[in-house]
Amino acid sequence: FQSIGIPFFFPRGFILSTESAVPGAYQQSCMDLDERSFVLKTSGDTITVYQGTNSAGGMAGRTGVAVWNSGILLTRLLDNLCQANPSIFNNKTILELGCGTALSSIAAAKLGASSVIATDANPEVLQLAQRNIERNNVPEVAKTAALQWGLMDASEYDSAADILIGSDLTYNSGSWRALAETMSTVLKPNGVVIYLSLGHAGFNVGGEMGGFLSVVGNMGLQLLTKDSMEWKDIVGSSRSIEDLISSMITPEEKQEIDANGGVRVVFLGKKKYARKG
């Protein structure tokens, strides 16, 4: 998965752009571009997405209108998993939480998913996501949907997703319970959550992810291990999280990521309860 047609801000043509804090949010250097294009290694497809950063005032409250490094890495991860197992998304319904520009949802559609639901709670973001879905010629596979996190709204998509994807959703601890409820509700009994989070300057991802994982267990979810059937179906029996991450980033990118809070990838599944009697 590589980027084309954009100025790079790291040595050797890095795809991940530099980041700085701005009032109410963070800003990354490529967010000023009206559009960004990426190539999937598995299929050779080019994905071009519009960004809405320049359409109205600032990033505060509008973080979903731009491509973030975490979304790029999630898309790389999907591409990487599909390279190892080309049928991984076949006949699967993929649901993305906090879809933003819909980059990862479009990638899932291009990589063979039978149905993709790109969800967000922000109407402006959903309009942008729909434009990008249409621009990339996948409206027959992918659709947008409004989804506010929490049990009540998520029940509309009860057990809808074979694979649930998301990135950079756990930065606000106040939303952890509602996010975990949503994940547990929309996921099928044997489904898998693929979640990635990146740190930011002065904001380490380890504590954030640890806190979130302490909540998901109370919502019927569990961290998948290499021994689980779901892990083997999605990741493969011999691959570790460290292997996946190292295959997605260059040493230079790793250095930059580590200096800004790190990256975490987790795979979650529903808890299995033994029947009594």
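The values are calculated or read from the model by the stated rules, or taken from the named source; none is laboratory data. Since this is a predicted model, take the numbers as computed values, not measurements. Virtual Cβ from ideal backbone geometry, glycine too; neighbours counted across all protein chains shown. All accessible areas refer to the heavy atoms of the entire protein, side chains included, with ligands and DNA or RNA removed. Shrake-Rupley method; radii C 1.70, N 1.55, O 1.52, S 1.80 Å.
Tell me the residue from ALA129, ALA118, ALA109 that is within 30 Å of GLU242 (Cβ to Cβ), out of contact with any His (no Cβ under 6 Å at 6 or more places or on another chain), open to solvent by less than 10 Å² (accessible area, probe 1.4 Å) and among the small types (Gly, Ala, Ser), please. If you could, list the steps in order and put the result at the bottom.
Details: ALA129 fails: within 30 Å of GLU242 (Cβ to Cβ); ALA109 fails: open to solvent by less than 10 Å² (accessible area, probe 1.4 Å).
Just one listed residue meets the conditions, ALA118.
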Which residues, counting only those in region 227-266, are surrounded by 17 or more Cβ atoms within 10 Å (Cβ to Cβ) and among the hydroxyl-bearing types (Ser, Thr, Tyr)? SER228
Looking at this structure, is GLY71 assigned to a loop (DSSP other than H, G, I, E, B) and not aromatic (Phe, Trp, Tyr)? no
Find all pairs meeting these conditions: Cβ atoms under 9 angstrom apart; at least six residues apart or on different chains; first residue within region 254-272 and without any contact (Cβ under 8 Å) to a residue 12 or more places away in the chain; second residue hydrophobic (A, V, I, L, M, F, W, C) and assigned to a helix (DSSP H, G or I). LYS254/ILE245
Region 140-154, residues that are open to solvent by 70 Å² or more (accessible area, probe 1.4 Å) and within 27 Å of LEU40 (Cβ to Cβ): GLU140, LYS143
Is at least one residue of region 234-245 at pLDDT below 85, of a type in the set (A, V, I, L, M) and either touching an Asp or Glu at 6+ places or on another chain (Cβ under 9 Å) or not in a loop (DSSP other than H, G, I, E, B) (or both)? no
How many of the residues making up region 213-248 are under 22 Å from SER70 (Cα atoms) and either among the acidic types (Asp, Glu) or in contact with a strand residue (DSSP E or B) (Cβ under 8 Å, 6 or more places away or on another chain) (or both)? 12
Any residue at all in region 173-188 that's part of a loop (DSSP other than H, G, I, E, B) and farther than 24 Å from LEU224 by Cβ? no
Filter region 189-210 down to the residues that are touching a Phe, Trp or Tyr at 6+ places or on another chain (Cβ under 7 Å) and in a helix (DSSP H, G or I) and list them by number. GLU208
